[in-house]
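Note sheet for the following structure.
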Amino acid sequence: MTECFDCDNCKESLYGRKYIQMDNGPYCIPCYDAHFANTCDECKELIGHDCRELYYEDRHYHEHCFRCFRCDRSLADEPFTCQGEELLCNDCYCSEFSSKCIACEKTVMPGSRKLEYNGQTWHEHCFICSSCQQPIGSRSFIPDKNDYYCVPCYESKFAPRCTRCKKTLTKGGVTYRDEPWHKECFVCTGCKTPLAGQQFTSQDDNPYCIKCFGNLYAKKCSACTKPITGFGGGKYVSFEDRHWHHNCFNCARCNTSLVGKGFIPDNDEILCRDCSSDL
């Protein structure tokens, strides 16, 4: 007696017919397609057993349905990108979604090295210094309107130069008489002490610290002989060719302050009215 060899689904004999063997038994071709074939995500028809099936992220396609949504190019053997629900070939994706280099106006391909700044994109090799024309790459740069400079070129071309040492000022600095100085170059003409952040004055356009200016140019108090600089709110009194700090302008006998009061000169001394009446 001949052993039964039937389709596991429709029970029709498979002798002399094409069939597909599954784990639970053999199936005739119509039953296999009806129960096991996937539906094409594009045309919504079954992907028969004799069709080449392509699979991408839980979606199934006939080979001829697996195409770019924009240019209709077959993606079966091409690199592609998924944008939302659309499959796109690389050319269409780059044309629509990739940035264009601001220098050469060509597409910056996904995965290629690029530089982005201020909403614009460059190929790495297209982002060059406007002066030396060398690629800036990952180095620091300085924008100037529509130009971009590497730091050495910018400093050479635009950075101010110190009035004293003539080297460029890259950061900080001091302005004196509308001229730029390095902080370490802006020193007292007398003692060479740095003046940045300190009180100073000038004589013949040269800067001096308070001490040097007082010793070299300030009037001397006739009482204490120290310089009268006028800094720090210091006031002074002058009489004939002599000068006094406010707190030094006192009666030579009783030491009463004579600021704003009448006084009597007596040779080198200054006396209040009371003391002068005792003479």
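The values are calculated or read from the model by the stated rules, or taken from the named source; none is laboratory data. Remember, it's a predicted structure, so these values are computed and weren't measured experimentally. No Cβ is skipped: glycine too gets one built from the backbone with ideal geometry, and neighbour counts run over all protein chains shown. Surface accessibility is based on the protein's heavy atoms, side chains included, excluding ligands, DNA and RNA. Shrake-Rupley method; radii C 1.70, N 1.55, O 1.52, S 1.80 Å.
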Problem set entry | Relative contact order (%) - the chain, alpha-carbon pairs under 8 angstrom, separation at least six | 5 percent
Seminar exercise, completed: Where a ≥ b ≥ c are root eigenvalues of the Cα gyration tensor, a/c under 1.5 meaning rounded, otherwise prolate if a/b exceeds b/c and oblate otherwise, region 210-279 counts as prolate
Exercise. Any idea what the relative contact order of region 40-152 is, in percent, if you count C-alpha pairs under 8 Å spaced at least 6 apart?
Worked result: 11 percent
Exercise. Once amide H atoms are placed 1.01 Å from N in the peptide plane, what residues at a sequence separation of 5 or more from residue 9, or on another chain, have their amide H within under 5 Å of its amide H?
Worked result: 28
Seminar exercise, completed: Between the alpha carbon centres of region 1-79 and region 111-128 the gap in Å comes to 47 Å
Problem set entry | Listed residue (28, 229, 174) projecting farthest to the positive dipole end of the chain, Cβ model | 229
Seminar exercise, completed: Diffing region 134-149: the Karplus 3J(HN,Hα) column from phi (6.51, -1.76, 1.60, θ = phi - 60°), in whole Hz with x for Gly and Pro, holds 9, x, 7, x, 8, 6, 5, 9, 10, x, 9, 6, 9, 10, 9, 10
Seminar exercise, completed: Phi angles of region 42-52, converted by Karplus (6.51 cos²θ - 1.76 cosθ + 1.60, θ = phi - 60°) into ³J(HN,Hα) in whole Hz with x for Gly and Pro, give 8, 8, 6, 9, 5, 9, x, 4, 9, 9, 6
Problem set entry | Whole-number D in µm² s⁻¹ for region 161-216, Kirkwood Cα-pair radius fed into Stokes-Einstein, 20 °C, 1.002 mPa s | 188 µm²/s
Exercise. So how exposed is residue 249, as accessible area in Å² (1.4 Å probe, rounded to 10)?
Worked result: 10 Å²
Problem set entry | region 11-97: GluC sites (Glu not before Pro) in DSSP loop, at most 15 other beta carbons within 10 Å | 12, 45, 57, 85
Exercise. Sorted by accessible area (1.4 Å probe), largest first, how do 259, 108 line up?
Worked result: 259, 108
Seminar exercise, completed: Once all protein chains are kept in place, residue 55 shows an accessible area at probe 1.4 Å, nearest 10 Å², of 140 Å²
Exercise. Sorted by accessible area (1.4 Å probe), largest first, how do 112, 138 line up?
Worked result: 138, 112
For this session: Could you please state how large a percent of the accessible area of the chain is carbon and sulfur, counting protein chains only and using a 1.4 Å probe?
Result: 45 percent
Exercise. Top to bottom by accessible area (1.4 Å), largest first, where do 164, 73 land?
Worked result: 164, 73
Seminar exercise, completed: Place a point 7 Å from the Cα of residue 34 in the direction of its beta carbon; the residues of region 47-88 whose amide N falls under 18 Å from it are 47-50
For this session: Can you send over the solvent-accessible area of residue 15, 1.4 Å probe, protein chains only, in Å² to the nearest 10?
Result: 130 Å²
Exercise. With a Cα-only, solvent-free Debye model of the chain, what are the log10 I(q)/I(0) values at q = 0.07, 0.13, 0.16 Å⁻¹?
Worked result: -0.64, -1.01, -1.17
Problem set entry | Sites residue 170 and residue 133 - FRET efficiency at Förster radius 30 Å, r taken between beta-carbons, to 0.05 | 0.85
For this session: Would you mind calculating the relative contact order of region 96-156 from Cα pairs under 8 angstrom and at least 6 residues apart, reporting the percent as a whole number?
Result: 21 percent
